[in-house]
Amino acid sequence: MSEEEYYYNNEPLQKSYNNTYTPPEKLEIVYQLMRDYESGMVSDAQVRWIVNNAKFGSFTIMKIIDKLLFEKKLKYNPITLDKRTFYKPKRPFDL
């Protein structure tokens, strides 16, 4: 399996720690990832690259995958083959 890089401002994403992104840039990256994933612009190889290399936005990708798993009622994550999830259904007093 090959992995493709995901770019922000014509540069590959930086690590999720010790990056030089400003808070507005971080929000823009998260929204860009969400929009690109919903429109099918992020390939499976890019998702693997982001998650496996601990790039900024990996948590967003994991949340998207968990939401998809919850909707499809799968018992494991198809990328990591892990049975743990980060997604928790809303309870009565959650906002």
Contact list please: Cβ distance under 9 Å, first residue in segment 42-71 and over 12 Å from Val30 (Cβ atoms) and without any contact (Cβ under 8 Å) to a residue 40 or more places away in the chain, second residue exposed (fewer than 14 other Cβ atoms within 10 Å of the Cβ) and of a type in the set (S, T, N, Q), pairs at least six apart or on different chains. Val51/Thr80; Met62/Thr80; Ile65/Thr80
I need a count of the residues in segment 1-42 that are in a loop (DSSP other than H, G, I, E, B), surrounded by 10 or more Cβ atoms within 10 Å (Cβ to Cβ) and among the aliphatic types (A, V, I, L, M). 3
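We did not get these values from a lab; they are worked out from the coordinates using the rules stated. It should be emphasised that the depicted structure is a prediction, and the values quoted were computed from it without experimental measurement. Backbone-built Cβ (ideal geometry, glycine too); neighbour counts: all protein chains shown.
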